[in-house]
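Below is one structure, written out as structure tokens; the observations come after it.
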Amino acid sequence: MVAGNWKMNKNLQEGVALATELKNNVTNPQCAVVIATPFIHLTEMARLLKGSPIAVAAENCADHASGAYTGEVSAEMVASTGATYCIIGHSERRLYYHETPDILREKVRLALDNGLRVIFCIGEVREEREANCQNEVVRSQMEGSLFDLSEENFRKITLAYEPVWAIGTGLTATPDQAEQMHAFIRSTVAERYGQAVADDTTILYGGSCNAKNAAELFSNPDVDGGLIGGASLKAPDFMTIINAR
Ligand code: PGA
């Protein structure tokens, strides 16, 4: 899978133009393609991309089902637009909006209850990497928000390993660092859900993945694709990354 995360970029007209260009050019049948867009784009994206190989994702959803939460968008509302995925646990949400493992567990539950598939982000900050405790960090992120799911529900989760020090910085994990972490993540899933589930789990790499380095990152056996921020905002770059998978 290659998923684009537009973050807070592109107004509606710009978003429609980018999605139209992707729709007309994405042809790699070996790669699932997802674009995650701002909430206000979702209805239009789902309509535009219906019948195309590109699925639509929200970048977030609320941790409550409905009610007096001004400005929030529920998982049910996301699903009602025709979007089929939701990103949950992005490091920007954890950091800037103080989303805790408990909040994220609730968001995952609500997304799955409403029929959405989840792209769940995990990853360590620079200090944690420097202290060599990245494995413990990532394991506890999975345990804190995912590992009480049934096997059936866990199979609806795509994991995205995004070292926070690599996001938007131009610093990328080396292919070896990415492979080591992805193999660790898969072994942690295997301990909890068994090897068959672990083998079927899609684990994306994210963090300054671009048209130049994608092929090398994706050539690792445990790297099943990418979650792409900045480079997903330009159709030619994003298509090069899709074709690298
Ligand atoms: P980046 O972002 O590709 O711009 O580093 C990745 C992400 O945050 O998902």
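The values are calculated or read from the model by the stated rules, or taken from the named source; none is laboratory data. Keep in mind that this is a model prediction, so the values were computed, not measured. When we count neighbours, we look across all protein chains shown, and the Cβ atoms used for this are built from the backbone with ideal geometry, even at glycine. Note: accessible area is taken over every heavy atom of the protein model, side chains too, but ligands, DNA and RNA are not part of it. Shrake-Rupley method; radii C 1.70, N 1.55, O 1.52, S 1.80 Å.
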Can you pull the accessible area of D200 for me, 1.4 Å probe, Å² to the nearest 10?
100
State the answer as a single residue: which of G123, M239, V164 lies farthest towards the positive end of the charge dipole of the chain, with beta carbon charges of +1 for Lys and Arg and -1 for Asp and Glu, about the Cα centre.
M239
Most fluctuating of V118, V33, V73 in the GNM of the chain (C-alpha, under 10 Å) is V73
Which whole-number percentage describes the relative contact order of the stretch 160-245, with Cα contacts under 8 Å and a sequence gap of 6 or more?
33
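Taking all protein chains together and a probe of 1.4 Å, list F184, F218 from the most accessible to the least accessible. Present the calculation step by step, with values, prior to reporting the outcome.
Details: F184 35, F218 10 Å².
Greatest to least solvent exposure: F184, F218.
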Quick one: Cα centre-to-centre distance for the stretch 162-222 and the stretch 34-92, in angstrom?
24
Those chymotrypsin sites (Phe, Trp or Tyr not before Pro) from the stretch 1-98 that are DSSP loop and have at most 15 other Cβ neighbours within 10 Å turn out to be Y69, Y97
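Enumerate by residue number the GluC sites (Glu not before Pro) in the stretch 1-55 meeting two conditions: DSSP loop (anything except H, G, I, E, B), and at most 11 other Cβ atoms within 10 Å of the site's Cβ. Write down the numbers at each step before the final one.
Numbers: sites: E14, E21, E44; in loops: none.
Loop-located and lightly packed - none at all.
So what is the calculated 222 nm ellipticity per residue for the chain, using -39500 (n - 2.57) for each DSSP H run with n of 4 or more, over all residues, to the nearest 500 deg cm²/dmol?
Dividing the helical sum by the residues of the chain leaves -12500 deg cm²/dmol.
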In whole Å, what are the Cα extents of the stretch 99-189 along the three principal axes, biggest one first?
37, 25, 20
Across all Cα atoms of the stretch 49-136, Rg and the largest Cα-Cα distance (Dmax), in Å, are 14.8, 47
Cα extents of the stretch 1-101 along the three principal axes, largest first, in whole Å?
40, 23, 22
With +1 at each Lys and Arg Cβ and -1 at each Asp and Glu Cβ, the charge dipole magnitude of the stretch 47-138 around its Cα centre, to the nearest 20 debye, comes out at 500
Any idea what the relative contact order of the chain is, in percent, if you count C-alpha pairs under 8 Å spaced at least 6 apart?
20
Any idea what the alpha-carbon Rg over 2.2 N^0.38 Å comes to for the chain?
0.94
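Evaluate the charge dipole of the chain about its Cα centre and quote only its size in Debye, nearest 20, assuming +1 on the Cβ of each Lys and Arg and -1 on the Cβ of each Asp and Glu. Present the calculation step by step, with values, prior to reporting the outcome.
Details: 21 positive and 31 negative charges, 156 e Å.
In total the dipole reaches around 760 debye.
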So which residue, out of I228, I119, I54, gets the largest mean-square fluctuation from a GNM of the chain using Cα contacts under 10 Å as springs?
I54
